[in-house]
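Presented below is the structure to which this report refers.
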Amino acid sequence: MRKSVRNCTADKRTYIRPILFFIFILLMSLSSCIQEPQEFGYIEGHVSIGPLLPVFREDEIEPTPAPEVYASREIVIYKQDGKSEFCRLAIDSMGNYHGELPIGVYVIDINRIGIDSAANLPMEIRITAGDTKIVDIDIDTGIR
């Protein structure tokens with residue numbers, strides 16, 4: 001009768017090793033899938049667009065851009081190479097934009113409509129954790 005008890009004990013040991021090995025492999029594969037939390041920073045600014053009319057008198061105030069003038073333009077964020085687009089940020093009806101970006105180096109530009117240009121763009125920016133990078137942009141429509 002003792003022989004049969006020993007055989008059962010031996011059988012349990014042979015099953016435990018593969019099970020422990022399987023659990024080890026499972027835990028290792030799960031731990032490799034867990035990503036570290038990414039840190040973010042912010043970019044924001046104000047966009048001015050003009051001129052909107054070819055001619056206006058000195059005593060006249062230049063007109064404020066209509067919401068659709070802002071809506072047709074976007075801030076384009078490229079990866080550090082300046083060619084691979086990362087995202088686009090909308091400009092609100094008051095000319096402001098805001099976005100959250102993972103920390104890193106980017107190139108900021110505008111989506112160029114017609115002959116639009118911005119003297120300070122494209123520009124390389126560095127986003128750091130928790131900080132806000134402010135970039136104000138003056139878009140020249142080319143209207144003269």
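Quick notes
- Checked against the criterion of being in a helix (DSSP H, G or I), surrounded by 10 or more Cβ atoms within 10 Å (Cβ to Cβ) and modelled with pLDDT of 70 or more, segment 49-69 contains one or more residues that satisfy it.
- For N111, the stated conditions do not hold, so it cannot be described as exposed (fewer than 11 other Cβ atoms within 10 Å of the Cβ), closer than 16 Å to D136 by Cα and in the same structural domain as D136 (by TED's automatic domain parsing).
- Of all residues in segment 83-106, those that are within 17 Å of V47 (Cα to Cα) and in a strand (DSSP E or B) total 7.
- Some residue of segment 128-144 being of a type in the set (D, E, K, R), under 12 Å from I77 (Cα atoms) and either assigned by TED's automatic domain parsing to the domain that holds K79 or at pLDDT 95 or above (or both): no
The values are calculated or read from the model by the stated rules, or taken from the named source; none is laboratory data. Just so we're clear, the structure is a prediction, and the values are computed from it rather than from any experiment. Cβ atoms come from the backbone with ideal geometry, glycine included; neighbour counts cover every protein chain shown.
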